Amino acid sequence: MKKIDRSMVTTANDLHGHRVAVSLGVVRGITVRSRSVIGNIGAALQTLIGGNISLFAELCERARSDAFELMLDHAAQLGANAVIGMRYDANEIAQGVTEVLAYGTAVMVEPAR
């Protein structure tokens, strides 16, 4: 299974310089994260100071990155070489537990003529 190059993923509905030859359907990557007790304490201390809460920012970035990679794996399993219309979504599914979803349309593209 060949990995999809990150430059072949776009939030647009087309990929500049390429044409969609085949649409393979919706692909997704999902991860569910919870905050640890220690992380919550550290973040609570950071809120007293104000500004960026780096502990939560790092947790969110890791979750988005994991969901993105899972989406790319799903697209590669279908034989895609690109993903268009890519989006993120996040929902709190329980107190302190968040689902992060990366999704888009898996496609086979070829250079435009």
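The values are calculated or read from the model by the stated rules, or taken from the named source; none is laboratory data. Owing to the predicted nature of the structure, the values given are computational and were not obtained by experimental measurement. In case anyone asks, the SASA skips ligands and DNA or RNA and just uses the protein heavy atoms, side chains included. Shrake-Rupley method; radii C 1.70, N 1.55, O 1.52, S 1.80 Å.
A compact table of results
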| read-out | value |
| --- | --- |
| Selection status of Ala43, under 14 Å from Tyr103 (Cα atoms), open to solvent by less than 40 Å² (accessible area, probe 1.4 Å) and at pLDDT below 95 | no |
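Residue by residue, here is whether (1) part of a helix (DSSP H, G or I); (2) open to solvent by 40 Å² or more (accessible area, probe 1.4 Å); (3) modelled with pLDDT under 80; (4) of a type outside the set (D, E, K, R) holds:
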| residue | (1), (2), (3), (4) |
| --- | --- |
| Val32 | no, yes, no, yes |
| Phe56 | yes, yes, yes, yes |
| Cys60 | yes, yes, no, yes |
| Glu69 | yes, yes, no, no |
| Ala75 | yes, no, no, yes |
| Arg87 | no, yes, no, no |
| Ile93 | no, yes, no, yes |
